[in-house]
Amino acid sequence: MNDSLDARIESLATLAEEARKEFATATHEEQLNQLKARYLGKSGSLKTIMESLKELSPDQRPILGKTVNQTKQEVLQALEDRRVQIREEKRRQELAHRWIDLSLPGRQRDQGAIHPLRSVTRELFSIFRSLGYDVAEGPCVEDDFHNFSALNFPPDHPARDMQDTLLLKNGALLRTHTSPVQIRTMQANRPPIRIIAPGMVYRCDADVSHSPMFSQIEGLWVDEKVSLADLKGTLTTFARRYYGPDVPIRLRPSFFPFTEPSCEVDVGCVFCPRGGSCSVCHDTGWIEILGAGMVDPNVFEAVGYDPEKVQGFAFGLGIERVAMLKYGINDIRLLFENDVRFLRQFAK
C-alpha cells in the first residue's frame with residue numbers, strides 16, 4: 001500500500017513537470033486553455049488521481065490529498081505565469097508593427113459643464129440662504145387642498161380648469177406651483193418661518209417662453225411683524241445681487257388669490273438693445289421675473305395660524321425665466337432639449 005502511495009506522489013511530481021513543459025510550448029491563450037482542461041478539468045489528470053483516494057487507507061488519504069492540492073497550485077501558477085508571458089509577447093509584437101506618429105496633436109477631451117439651470121439654482125440658493133432662508137421641499141403629486149383650497153383659490157378660479165392643471169386619478173394633480181410646500185411647512189411648524197421652496201411644477205403651457213414642466217423657487221417669511229417694506233427690501237436685494245446693482249427694477253400692483261396686496265417684479269429687458277421688435281418683452285422694455293405679496297389672512301386660517309397675531313409675505317419665481325434673462329436665451333425650449341451645441345456655451 002505504501003508503494004501505491006509513493007507511486008501516486010511520484011506521478012504527481014511528474015505531472016507537474018510535464019505541465020510546465022507543455023505550458024512553455026504554448027504560443028497563444030487558446031492552447032493554454034486546452035492544456036488547462038487536460039490537467040485541471042473535470043476529466044483531467046489531477047481529477048483522476050484525486051478519485052483514487054478511495055483506494056488508499058484512511059491514514060494515507062490526507063497525505064495524498066495534500067499533495068494533490070499542492071500540485072494543483074503549482075500547475076495553476078505555471079499556467080498563469082505563461083499566460084502573462086504570452087500577453088506581453090503579443091503586446092510587444094503589436095507595438096513593433098504599429099506605426100505611431102509622435103508629432104500628432106493629442107486627442108482633445110470634451111469638457112463637461114454644469115447645466116445653466118443647475119448653475120442658476122445654486123446661485124439663487126446662495127443669495128437667499130445669505131438672507132436667512134432655509135430650503136424646504138415637498139411632493140410633486142398634490143391634492144386640491146394643498147394646491148388650491150388652502151391657498152385661497154375659489155372653487156371657480158380659472159387656475160382650477162383642466163387647460164391649466166394636469167389632473168390625475170382619484171382627485172390628485174401635478175402641482176402647478178411650489179406653494180403647497182409653504183402650506184405643509186406652516187402646518188408642521190409655528191412661526192417664525194423663513195423658507196424657500198424649490199422644485200418642478202407642471203402646467204398646460206408650451207411656447208417659446210413657457211413649458212409644461214419647469215422649475216420654480218418660492219419664498220415665505222412669517223413672523224409677528226413682517227411688512228410690505230420687508231418684502232420690497234428682500235426682492236430688491238435679490239434682484240441687484242443677481243443681475244447687478246445697475247439693473248432697472250420695478251414693482252407693480254397685481255393680483256394673486258393667496259396674497260393681498262400683491263405685486264409683480266420686473267427687470268429691464270436684455271433683448272431689446274439688439275434692435276427690431278422684441279418677442280420676449282413685446283416691446284415694453286420689461287420682463288416679469290416673479291410675483292409676490294403679503295400672505296392673505298385666509299391662508300393663515302387654513303393652516304391654523306391667527307392672522308391677528310402673525311404676518312408674512314410670499315414670492316415665487318421661475319428659474320427658467322431667470323436663466324433666460326441672465327444668459328440672453330430667447331427660447332425656453334433650449335433649456336430642455338439637451339442640444340450639446342447649446343450647452344457647450346456654458347463650459348468654463
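The values are calculated or read from the model by the stated rules, or taken from the named source; none is laboratory data. Owing to the predicted nature of the structure, the values given are computational and were not obtained by experimental measurement. Quick reminder, even Gly has a Cβ in these numbers, built from the backbone with ideal geometry, and neighbours come from all protein chains shown.
Table for the structure above
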{"item": "Of all residues making up the stretch 296-309, the number that are within 14 Å of Ser149 (Cα to Cα) and surrounded by 14 or more Cβ atoms within 10 Å (Cβ to Cβ)", "result": "7"}
{"item": "All positions within the stretch 62-76 that are surrounded by 15 or more Cβ atoms within 10 Å (Cβ to Cβ) and of a type outside the set (A, V, I, L, M)", "result": "Thr67, Thr71, Lys72, Glu74"}
{"item": "Criterion (closer than 30 Å to Gly233 by Cβ and either without any contact (Cβ under 8 Å) to a residue 24 or more places away in the chain or in the same structural domain as Phe238 (by TED's automatic domain parsing) (or both)) met by exactly one of Gln108, Gln182, Gln93, Gln85", "result": "Gln182"}
{"item": "Helices (runs of 4 or more DSSP H) contained in the stretch 86-189 and holding at least 2 residues within 19 Å of Phe214 (Cβ to Cβ) and within 26 Å of the chain's Cα centre (by Cα)", "result": "116-130, 179-188"}
{"item": "Given (1) in contact with a Phe, Trp or Tyr (Cβ under 8 Å, 6 or more places away or on another chain); (2) within 19 Å of Cys204 (Cα to Cα), number of the condition Ala172 does not satisfy", "result": "(1)"}
{"item": "Failed criterion for Met294 (all others in (1) modelled with pLDDT of 95 or more; (2) not in a strand (DSSP E or B); (3) not hydroxyl-bearing (Ser, Thr, Tyr) hold)", "result": "(2)"}
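So that you can scan it fast, the table gives a plain yes or no per residue for (1) of a type outside the set (S, T, N, Q); (2) outside the structural domain of Met213 (by TED's automatic domain parsing); (3) not in a strand (DSSP E or B):
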position	(1), (2), (3)
Thr237	no, no, yes
Pro253	yes, no, no
Val267	yes, no, no
Leu317	yes, no, no
Lys326	yes, no, yes
Arg333	yes, no, yes
